[in-house]
Amino acid sequence: MIQISRLFLICAIGVCAIGCSKSDDPAADTNALVQVKTAVATIEPFAELISSIGTVSARSGHFAALSAPAPARIARVYVSLGEKVGAGTSLVMFEQAPFVAEAQSAEAALVAAERNYERARRLADAGIVPRKDADLAATELAQARAAAAIARRAVQLSTLRAPISGVVTKLNAPLGAQADITQSVVEVADLSALDIIFNVSSSDAARIAPGASVTLSAGESAKGEPLGVGHITDVGGTVDSTTRSVSVRALAPPNARSLRIGETIFGQISTSVHPRAIVIPVAALVPDGDGFKVFVVTTGNLARERKVTVGRRTEASAEILDGLAAGERVVTEGAYGLEDSVKVAQAK
């Protein structure tokens, strides 16, 4: 009996030893940790940015939209869409007969008005007719001269010519079609003089100064094709009555690819730079009521909850004004749902 009791005692001690050795195994403890990714809060320059979606537009004085001087049919088209043209190049010609006839009629009326005025003036000087008759004839002569000048100009404009050197960006000129004076038939733009027009709020416009840098991307977000860093050339002084926004004009960098009129561009306009800001990835921010909190990884790999005051933010980074020091490590992935004082491990 004594030997059997000793045997049970030895077995119990062995089981206890095995159990204790398993609980002290670091690998077994790691399995119970929350896997997260972290990043270190750093001190670096942080730019205050205003994001806006803009449109490529031809610069004033470098774009021309041409229409018929009067309702007329299109008789000839000299160019094609996308063609490069020089100043003075013939683009579209309308039927000439109506314009020529109108000019001849106006010239005839002018000759008659001149004769009538000379006759009325001589008679008035001789006292045969009242002076008011000569004054009326003078008025009619002035009107005839204006009409003749307009008719001569219409003949000149019956053939549309490029007023600037550039590229044909619009051509709505089917042969034989009736052209209206309210619709442009052909448009020419100097593609070397394009601007990007952004519309921002009045409060944001007050923070933007000419010369400010703007990071440009194709499309409607910063994830589009990078186009480089341009600069602001002008900030509008009025608010658009329809959109309630202010127009801000930007110039793309010289090494950017060729832009197209009407193309959508996303811009991040830099208003100021904080030279020594505490910066963390924006993914580390966890909404907490009206503010934010982060989880700081402390000694022993414990994730401690901490409220922070957030300054400016971009799509990738956030400026921390209070609550965090440079060099502290914060949880960036796995922070949502994390509880205070939970032990964490760096995810592979």
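The values are calculated or read from the model by the stated rules, or taken from the named source; none is laboratory data. Just so you know, these numbers come straight off a predicted model, no measurement behind them. Glycine gets a Cβ as well: all are built from the backbone with ideal geometry, and neighbour counts include every protein chain shown. For accessibility, only protein heavy atoms count, side chains too; no ligands or nucleic acids. Shrake-Rupley method; radii C 1.70, N 1.55, O 1.52, S 1.80 Å.
Ordered by residue, what ³J(HN,Hα) values in Hz, to whole numbers, does region 102-109 give under the Karplus form 6.51 cos²θ - 1.76 cosθ + 1.60, where θ = phi - 60° and Gly and Pro are x?
Taking θ as phi minus 60°, the curve returns 5, 5, 5, 5, 5, 5, 5, 5 Hz for region 102-109.
With a ≥ b ≥ c taken as the square roots of the eigenvalues of the C-alpha gyration tensor of the chain, please select rounded if a/c is under 1.5 and otherwise prolate if a/b is larger than b/c or oblate if it is not?
Note, shape of the chain comes out prolate.
Which distance in nm do the two modelled labels at T159 and A65 give, with both placed 7 Å along the Cα-to-Cβ direction?
2.6
Give the long-range amide H neighbours of S317: residues separated by 5 or more places, or on another chain, with amide H under 5 Å away, using H modelled in the peptide plane at 1.01 Å from N.
Those qualifying (amide H under 5 Å, at least 5 residues apart or on another chain) are V282.
Check G219: other-chain or 5+ apart residues with amide H under 5 Å from its amide H, H built from backbone geometry?
T264, I265, F266
Cross-chain or 8 or more residues apart, Cα under 29 Å: how many lysine pairs in the chain fit that? Count them up, please.
So the count of such lysine pairs works out to 16.
Mind listing the phi-derived Karplus ³J(HN,Hα) values for region 35-52, rounded to whole Hz, using 6.51, -1.76 and 1.60 with θ = phi - 60°, and x for any glycine or proline?
Each residue's phi maps through the Karplus curve to give 7, 9, 10, 10, 8, 9, 5, 10, 9, 7, x, 10, 8, 7, 10, 10, 9, 7 Hz.
Which distance in Å, rounded to a whole number, links the C-alpha centroids of region 142-186 and region 245-305?
50
Can you compute the FRET efficiency between I53 and L175 using 1/(1 + (r/R0)^6), with r the Cβ-Cβ distance and R0 = 51 Å? Round to the nearest 0.05.
0.85
Helix 2-23 versus the longest principal axis of the chain: what angle, 0 to 90°, nearest 10, using Cα atoms?
Compared with the principal axis, the helix lies near 20 degrees.
Can you classify region 34-100 as rounded, prolate or oblate using the Cα gyration tensor, where a ≥ b ≥ c are the square roots of its eigenvalues, rounded means a/c under 1.5, and otherwise it's prolate if a/b beats b/c and oblate if not?
prolate
If you place +1 on the Cβ of every Lys and Arg, -1 on the Cβ of every Asp and Glu, and leave all else neutral, what size is the dipole of the chain about its Cα centre, to the nearest 20 Debye?
Around 480 debye, computed over the chain.
So, for the chain, what is the accessible surface per residue at a probe of 1.4 Å, expressed in square angstrom?
Using a 1.4 Å probe on heavy atoms only, each residue of the chain averages 58 Å².
In debye to the nearest 20, how big a dipole does region 186-241 give about its Cα centre with +1 on each Lys and Arg Cβ and -1 on each Asp and Glu Cβ?
280
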